[in-house]
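Working notes, structure below.
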Amino acid sequence: MISPTWPAERHRIPAALLAIVLVVTACGGDDAAGADAGPTREVGGTDDESAAAATISVTDAWMRPAPAGSATTALYMAISNDGDDIDVLRTATIKGCAMTELHMTTMEDDVMTMSPLPDGITVTPDTTIVLGPGGIHVMCIGVETGFTEGDRATLELGFDGAGAVVVEAQVRRDG
């Protein structure tokens, strides 16, 4: 027997699958960009021992366009600590996003999962942490702005030592 809500029930599963696909598309890796699913650390920086506080710089900030009908997208960048002290990225705010979270994407048994990073992202001295597809990223949840290719997004990062760092991110398809 068909229930009175049968047409609505029939669309629940495809709608749920579509939502999952859109979230994975926003955060997932791009095979063409490389199969390495984890963040990379590049050792560099200076030997200047006089810097007392961490010196944070952010480069190559970019955001994927929000897929049509999706309420999520992801933002990536490289964060360098040229100082002598460890610093920790605790918060990220993006104008046009209702909420943001620091996330890590992992692949286990052919299943991609995302997990929040409640303790933040630690950036050790003389290190660059690259946030990229398939690894660490800033998740924009509740997209309030179109974020189409060519747009710019304003991002404010909150560090323990460096304080607030404001960055402009380019909206583009791939890094």
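Every number in this text was worked out from the coordinates using simple rules, so none of it is lab data. Computed from a predicted model, the values in this text were never measured in an experiment. Here Cβ is always computed from backbone atoms with ideal geometry, including for glycine, and neighbour counts include all displayed protein chains.
In angstrom, the C-alpha Rg and Dmax of region 61-150 are 14.0, 44. Positive end of the dipole of region 86-163 (Cβ unit charges, origin at the Cα centre): among Leu131, Ile86, Gly146, the Cα lying farthest that way belongs to Gly146. Phi angles of region 127-142 translate, via the Karplus equation with coefficients 6.51, -1.76, 1.60 and θ = phi - 60°, into HN-Hα couplings of 9, 10, 9, 9, 8, x, x, x, x, 6, 7, 9, 8, 9, 10, x Hz per residue; Gly and Pro are given as x.
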